[in-house]
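Student: Just dropping this structure here.
The values are calculated or read from the model by the stated rules, or taken from the named source; none is laboratory data. Just so we're clear, the structure is a prediction, and the values are computed from it rather than from any experiment. Here Cβ is always computed from backbone atoms with ideal geometry, including for glycine, and neighbour counts include all displayed protein chains.
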Amino acid sequence: MAPIPLQRDTVQRPGTIRAGYTHGPRPASRTSLPGIPLAPSAARRFVRAALAEWTGLGVPAAVGFSDRLADDAVTVTNELVTNAVVHAGTTVDLVLRLEEEGGEEPSAALVLEVTDHHPARPVSGDEPEAATGAPPRAETGEPTGLPDPAEYGRGLQLVATLAESWGITYRTGLKTVWARLPVDDWSGPPAPPDGDSLRRGLRAAEILAPAARRTERDDAVWDSRGAPAFLAEASDLLAGQLDEDLVAAIAGQLLVPRLADWCAIWLEAEGGGPGAEPRLARVWHSDETGTEPLRTALEREPLRLPADIGPGPVHVPVPWSAQRGPYTGNAPGAEGGPHPQDGPPAGDAPHPGSRDGAALAFRITAGGRALGTVLVGREGVARMPEAVASLIEDFVRRLGLAVGAARAYTRQATISRILQRGLLPSKVAEIPGVTSALVYEPSDDGVVGGDFYDIFPCPGDRWCFVLGDVQGSGPEAAVVTGLARPWLRLLSREGFGVGEVLDRLNRLLLDDAMEAAEAAALMVAAAGGQQLHDGTQSRFLSLLYGEVVPLPGGGVRCTVASAGHPLPLLLRPDGSVRPAAEPQVLLGVVEDVAYESQVFDLAPGDSLLCVTDGVTERRSGPLMFDDGDGLAQVLAGCAGLPAEATAERIRRAVHEFAEQPPDDDVALLVLHAG
């Protein structure tokens, strides 16, 4: 397998000093890698090439680059990219950035950022709580269930050893692990920091390690404008997460240390019934050495609130109090537990500096359903301030909404993934003498995509390929896909030609649409003539359909027809590109239409590129990706590449065309004659 081709983009960001300038842009290099085993080696080459390029450009901080820094950067990159590939399995985005800071002691640092698109997966190398600074489970003798470090890398322990600091940033649909490596032996001119350089990334949750942050707490701010600002920040961060475990992780960080010294969050099993045990989703302590003892105390018996307890704060014993004896998890109102209005038991005076103090429990609810419990506590106090308890109560309400939304999204995404798997082929056929490469990226994991594909054999030494795009997405698109793909296979295997297959498929879609309209008319009549708005869409689609027949002397003969679909492009070995079909009307729109096909030979070394409009109509402001034959220009640069490399280069160009992720499904098929 050939190395992954890299297309490095060196950009400049505000905030650093370039050679010959007092103030100037900050150098950064970025690339995107597929989630395959070759990605770590490609990332290592990328980092070394970027460092060498900056040194050649005379970037001031590059003067301090040493062999040790380069080796450390390559090692850290290798670990982070390997983790992302093995444990997330998605595309990996790598950013390498130089940061310079002025002042009395100017310094520079190399920042590495590795982003994957599966934030629900924990960062490998540690248990999920490793990001909080807690000791890994391996140190406690408990099984971790993680891969063998000798096989998959040493994970975040090695990153923490080599880096000055590191952390994890969660954003909607993304997880970024970053590491900061100081540049050795560099002294730059002092310069006032630019305002832009102080805005580091989006306002998202960062789980830092190995040292925990300590913040001076001032409860007076919660009586003024501090409480609304905190709740606004919490709503913004929690609402952007689509996984309940990430919601719990961010909630813990928001509570500790600003409002509490420690907290724990239990989540009820969805659909588990009243007898199901709640799951301890997150334990957080401002002192990292206290996290594991707190978890041990809480795992002995989960905290349970009686059914009649409302959403307000409830006083509970501190789980690890030396005076109250072993923590039993008894909630107020339960047998053996204090009443909600009793407050802390008399005689249990706090001991500042010890682990005694006050604790409050809050029920997490949404839509009238109990979703879990939040337990927060402060050390060295007899009671938490009323303003703080009221603020936490408001925060828990928002937490309940976020957990409920995350669960609803998870249910929808699960249904969509199951439905999508049923609508797409589990395996595509291999065409003799032709290698193929497919890229399929739905724009939203929670909604069934409208794009579909297929490659299948037919009688008579023929192979057929399909790339289609149904109008819209969701259930209506799934209905059309579920009809079109089996019909195409059936018509193709009956021996109809390419144009005839589209003719018959067009009539079938029109007949189905007529039946749907008649059913809708009956529903209107049953409703007394009142128009019903059921959200149904017109059932039409664009389709590229082709037939391939191997030739005795090598290569294949292709017959293709395009029905309202982006035209396929034929790439010759000399870099020339031309359309391989003629435009025709969409399927399911016009009844009296005769579709025509075009025939050409795909000689050895030729490639055929087929895409959906998610590629050609990818937008960056007012511009589209295919403006000025942009797709053909990118394809021309793929001459001589195999099918997989061509598909990856096109995919990467589509993603790099705009900063925002694609808002439509992206599907492309490459056929390369060997």
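Student: Go through (1) modelled with pLDDT under 90; (2) in contact with a strand residue (DSSP E or B) (Cβ under 8 Å, 6 or more places away or on another chain) one by one and return the number of the condition Ala387 breaks.
Tutor: Result: Ala387 fails condition (2) only.
Student: Mind telling me which of the residues Gly528, Gly495 ends up being modelled with pLDDT of 85 or more and assigned to a loop (DSSP other than H, G, I, E, B)? Steps first, please.
Tutor: On the way: Gly528 fails: modelled with pLDDT of 85 or more.
The conditions single out Gly495.
Student: Let me ask you something else. Do the conditions hold for Thr435, that is, is it surrounded by fewer than 17 Cβ atoms within 10 Å (Cβ to Cβ) and at pLDDT 90 or above? Steps first, answer last, please.
Tutor: Numbers: surrounded by fewer than 17 Cβ atoms within 10 Å (Cβ to Cβ): yes; at pLDDT 90 or above: yes.
Judged against the criteria, Thr435 is a match.
Student: Picking from Asp503, Asp512, which residue would you name as being modelled with pLDDT under 90, assigned to a helix (DSSP H, G or I), of a type in the set (Asp, Glu) and surrounded by 16 or more Cβ atoms within 10 Å (Cβ to Cβ)?
Tutor: Details: Asp503 fails: modelled with pLDDT under 90.
Sole residue among the options that is modelled with pLDDT under 90, assigned to a helix (DSSP H, G or I), of a type in the set (Asp, Glu) and surrounded by 16 or more Cβ atoms within 10 Å (Cβ to Cβ): Asp512.
Student: If you don't mind, there's one more thing I want to ask. So, in the stretch 478-493, exactly how many residues are under 15 Å from Gly460 (Cα atoms) and in contact with a helix residue (DSSP H, G or I) (Cβ under 9 Å, 6 or more places away or on another chain)?
Tutor: Restricting attention to the stretch 478-493, the residues satisfying the condition of being under 15 Å from Gly460 (Cα atoms) are 489-493.
Keeping just the survivors that are in contact with a helix residue (DSSP H, G or I) (Cβ under 9 Å, 6 or more places away or on another chain) gives 491-492.
Qualifying residue count, the stretch 478-493: 2.
Student: Follow-up. Can you tell me which residue is farthest from Gly554 (Cα to Cα) among those in the stretch 631-654 that are in contact with a strand residue (DSSP E or B) (Cβ under 9 Å, 6 or more places away or on another chain) and surrounded by fewer than 18 Cβ atoms within 10 Å (Cβ to Cβ)?
Tutor: Let us first name the residues in the stretch 631-654 that are in contact with a strand residue (DSSP E or B) (Cβ under 9 Å, 6 or more places away or on another chain), namely 631-633, 635-636, 638-639, 641-648, 650-652, 654.
From what's left, surrounded by fewer than 18 Cβ atoms within 10 Å (Cβ to Cβ): 632-633, 636, 639, 642.
Working: Ala632: 26, Gln633: 27, Ala636: 23, Ala639: 19, Pro642: 17 Å.
The qualifying residue farthest from Gly554 (Cα to Cα) is Gln633.
Student: Looking at Gly400, Gly468, Gly368, which is the one that is in contact with a strand residue (DSSP E or B) (Cβ under 8 Å, 6 or more places away or on another chain) and not assigned by TED's automatic domain parsing to the domain that holds Thr559? Spell out how you get there, then give the answer.
Tutor: Numbers: Gly468 fails: not assigned by TED's automatic domain parsing to the domain that holds Thr559; Gly368 fails: in contact with a strand residue (DSSP E or B) (Cβ under 8 Å, 6 or more places away or on another chain).
Step by step, each of Gly400, Gly468, Gly368 is checked, and only Gly400 is in contact with a strand residue (DSSP E or B) (Cβ under 8 Å, 6 or more places away or on another chain) and not assigned by TED's automatic domain parsing to the domain that holds Thr559.
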